[in-house]
Amino acid sequence: MKHFFWFLSLIGLLIPLLGYSQLTMPLSRIVFQRGLDNRAAVPIQGKCPASATSIQVKVKAINGGVSQDWTTIGATTGGTFSGNLNLPGGWYSLQVRALSGGAEVGSWSLDRFGVGEVFVIAGQSNAYGSPYAQNIAAQDDRVSTLNYFNFPAGTIDEQNLPKAFVQAGAGMPIGPHNPMLIWGGLGDKLVARLGVPVLFLGAAYPGSSSSEWRDAANGVENVGAMNKEAPYRLLGVTLAYFIKRTGIRSILWHQGEADNGITTKKEYVNNITTVINKSRLQSGFKNLGWMISSVSYNGLNAGHETDPAILDAQNQLITQTDNTFPGVATDAYTGPYYRYDKVHFNDSIYPFYLNLWNKALTNDFFARCKPSQPAVVPTITTGYIFPMNPNGGDHIQVPFMSTAPVNDNNQYVVKLLSETGELLDSLGAGTRIAPNLLAVQLPVWADGRVRVQISSTSPARTGEASDVFYAHKTGEKPVTPPDTTPATPVRTVIDPQGWVDMSDCEHQYGWARDAAVANLSVPVVFSWDNKPIETQLAERFRQDLADAFGDNGQHGFQWDIPASLRTAGNHKVSIQVAGASLPFFTGTVFCGAVGGRLATPGLEETRLTWRVFPNPTTDYVTVRLPVAYTREKITLTVLSASGQQQPTASLPVDDQQLRVNLSGLPTGIYLLRLDVNERPVTTLTVLKQ
């Protein structure tokens, strides 16, 4: 009888585990960065029975936030599902069920995830701490971190990174690279004050100087006694694998003691500017927040314990760099009470150090520091390649992390790309030597600055590319004989439609479809300065499109404009459904000068940009006017998708905004035509729900 009860108990344990494993996102105890509106789009993805026709989710607010009853989201595609849920800040549990013809065919649950604040800790020893100190862990359930810590310092085995987070309690590190130090206790302070969960990730390296961070950020594999692109790679791994999925409020930077007496003000500013620029480029968040501490004290430098040049450099970085704020200032706290070896803090003053950070993270900081949220949460991320200088023909190991729901027949395949993202070669599935590690062979002709990219085949999902590495060719590329096969006729597009939600120098986000064929993802051609550059399938799922069109919603696209094209000045962009007679979008984007001081968008870009929000909407929509047109006569006309004028009225909110009431119109797509001085200048698309 005891064996029977033990068997039943084992089944009771296995059933929730098996159900839980079907959800690939959200991850357990993950925290998504909230926006200034206190909300975040939470991706909900997983596997389901192939018979499922719809997915419903139910969210319970555990501490803060707002509960939401069963809601249909996303779309099912051959045994997988994907959708989004927009939630306010809070700590939640999740239930998911799959339906077929109204009958439940599967259900799964997740006990904890959150919408709140996300931070990465970077710098040197006093941001890193020690695993053997009296560290201050979190007591609150809402403080999350990553349970990964490896020796010696600087070593991260990317293929072993966990895909679930943990409560930042006693005995936990601040993964992927830090001991706990004071960060769990700081999390307690923040969740008590802000009322939302907090996630800390660690990427500091003890004893590291600003020049070492600069060199590693520039792609030097072995910096001093460090290897595998440390110290920067610790931050790079954190950004690539986790922050691209969660978003972030700010990097918390404490570094400068190692530069005392050896680095000039100009050198320090240039070094850290390089690191900031690299973090923003690599994360895809061009305005990634930074909090820079004022720290230089090194009591071992007799007569030069504090370095004014380093402090001045840190202050210059704060004042000249957009979305950058002051962190803690610790040079005044000296002597054996504070520092046991004249440099590092005693663990007895950790509560004091914790409070310094709590005071630095002011309410004003949270009001002014612009958070970074992913436009689309990636499902597959590709890691670093080592050694960084392989020869053509070498076998390389490619680490990756997948949160993509995939079928049993899926394969992960590798593509070789140029630095700017052009496809050079398909390297196939190679050999899977670990669950998150593939071995593939480079072609002998691979040469120069290249990347690799892992994607899935079932369903087809394109992953994020790796950081740049440097190949050296050992042979020539074979000459391919001309293809004499008759060309396949281009499919005739019956009713092409499309819209660009955001257009700037780096990205084009939007959607495209053939309105005459439901559930069809169409190819889209992107042109730059009147030259076709890339063709991409508009297949990204968007809930707003699924709701508006009543189909699978797989019509979204994101074009990342190659860096080689983004020269300073104005550039013409056009986007067209392949096979259509005309582009559905033609516009001009402004690219600022490359390099130099970090800055906000250029004046020309601001002067010519129209914005419409919220989109989609249920009632009112606001159009923000470009600065160049604020003194002109503006007329706004609402049209149906077929071009018929709709009975609405626009009201000026101020001299830069117009507000339109769409609440009386049926659900659908509407065009907002804007005339300046009785001449049409642009048309914006709005989804009315």
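The values are calculated or read from the model by the stated rules, or taken from the named source; none is laboratory data. Everything quoted here is computed from the prediction, not taken from an experiment. In this analysis, Cβ positions are derived from the backbone assuming ideal geometry, glycine residues included, and neighbour counts consider all displayed protein chains.
Those strands (runs of 3 or more DSSP E) of segment 536-607 in which at least 2 residues are at pLDDT below 85 and not hydroxyl-bearing (Ser, Thr, Tyr), considering only elements entirely within it, cover 569-577, 585-591. Evaluated against (1) assigned to a helix (DSSP H, G or I); (2) more than 22 Å from the chain's Cα centre (by Cα); (3) not hydroxyl-bearing (Ser, Thr, Tyr), PRO131 falls short on exactly one condition, (1). Total residues in segment 316-346 satisfying the condition of being acidic (Asp, Glu) and closer than 25 Å to HIS304 by Cα: the figure is 2. For segment 16-38, taking the residues that are aliphatic (A, V, I, L, M) and either under 23 Å from the mean Cα position of the chain (by Cα) or at pLDDT 95 or above (or both), the one that is surrounded by the fewest Cβ atoms within 10 Å (Cβ to Cβ) is identified as LEU36. Picking from residues in segment 39-55 that are buried (at least 17 other Cβ atoms within 10 Å of the Cβ) and polar (S, T, N, Q), the one that is nearest to the chain's Cα centre (by Cα) is GLN45.
The set of residues in segment 364-382 that are farther than 30 Å from SER503 by Cβ and touching a residue at least 12 places away in the same chain (Cβ under 8 Å) contains only PHE365.
Each residue in segment 492-521 was checked for being closer than 21 Å to GLY421 by Cβ and assigned to a loop (DSSP other than H, G, I, E, B), and 4 pass. Here MET172, MET226, MET180 are screened, and the one residue that is at pLDDT below 95 and either crowded, with 18+ Cβ neighbours inside 10 Å or touching a Lys or Arg at 6+ places or on another chain (Cβ under 6 Å) (or both) is MET226.
Taking LEU201 as meeting all but one of (1) farther than 28 Å from ARG449 by Cα; (2) over 22 Å from the mean Cα position of the chain (by Cα), write down the number of the exception. It fails just one condition, (2).
If you go through segment 373-423 and pick out every residue that is in contact with a helix residue (DSSP H, G or I) (Cβ under 9 Å, 6 or more places away or on another chain) and under 10 Å from VAL452 (Cα atoms), you end up with 6.
Looking at PHE119, PHE151, PHE81, which one is in contact with a strand residue (DSSP E or B) (Cβ under 8 Å, 6 or more places away or on another chain) and in the same structural domain as SER348 (by the TED database)? Checking each option against the conditions leaves just PHE119.
Condition check ((1) free of Cβ contacts under 8 Å to residues at least 40 places away in the same chain; (2) in the same structural domain as VAL295 (by the TED database); (3) within 14 Å of TYR128 (Cα to Cα)) across all residues:
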| site | (1), (2), (3) |
| --- | --- |
| GLY184 | no, yes, yes |
| ASP188 | no, yes, no |
| GLY207 | no, yes, yes |
| GLY219 | no, yes, no |
| ASN222 | yes, yes, no |
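Which of the residues belonging to segment 227-270 are in a helix (DSSP H, G or I), touching a residue at least 60 places away in the same chain (Cβ under 8 Å) and not aliphatic (A, V, I, L, M)? The answer is ARG233, GLY236, THR238, TYR241, PHE242, LYS244, ARG245, THR246, GLU257. Looking only at segment 95-128, filter to residues that are free of Cβ contacts under 8 Å to residues at least 60 places away in the same chain and not hydrophobic (A, V, I, L, M, F, W, C); which one of those is surrounded by the most Cβ atoms within 10 Å (Cβ to Cβ)? Of everything passing the filter in segment 95-128, ARG97 is surrounded by the most Cβ atoms within 10 Å (Cβ to Cβ). For segment 284-303, the set of residues classified as at pLDDT below 95 and farther than 30 Å from THR334 by Cβ consists of GLY284, LYS286, listed by residue number. So for segment 616-634 (the condition being surrounded by fewer than 18 Cβ atoms within 10 Å (Cβ to Cβ), modelled with pLDDT under 75 and among the aromatic types (Phe, Trp, Tyr)), does at least one residue qualify? Among the residues of segment 616-634, not one is surrounded by fewer than 18 Cβ atoms within 10 Å (Cβ to Cβ), modelled with pLDDT under 75 and among the aromatic types (Phe, Trp, Tyr), which makes the answer no. Selection over segment 299-316 of residues that are under 28 Å from ARG280 (Cα atoms) and in contact with a Phe, Trp or Tyr (Cβ under 8 Å, 6 or more places away or on another chain) gives a count of 4.
Within segment 396-437, the set of residues being farther than 21 Å from ALA471 by Cβ and among the aliphatic types (A, V, I, L, M) comprises MET401, ALA404, VAL406, ALA434.
Taken together, the residues in segment 65-89 that are part of a strand (DSSP E or B), surrounded by 14 or more Cβ atoms within 10 Å (Cβ to Cβ) and modelled with pLDDT of 95 or more amount to 3.
The single condition among (1) of a type outside the set (S, T, N, Q); (2) assigned to a strand (DSSP E or B); (3) modelled with pLDDT of 95 or more that ALA137 does not satisfy is (2). Of the residues making up segment 643-689, those that are among the acidic types (Asp, Glu) and either modelled with pLDDT of 75 or more or part of a strand (DSSP E or B) (or both) number 2.
What do you reckon, is ARG193 surrounded by fewer than 21 Cβ atoms within 10 Å (Cβ to Cβ), assigned by the TED database to the domain that holds ARG142 and either without any contact (Cβ under 8 Å) to a residue 12 or more places away in the chain or assigned to a helix (DSSP H, G or I) (or both)? Criteria met by ARG193.
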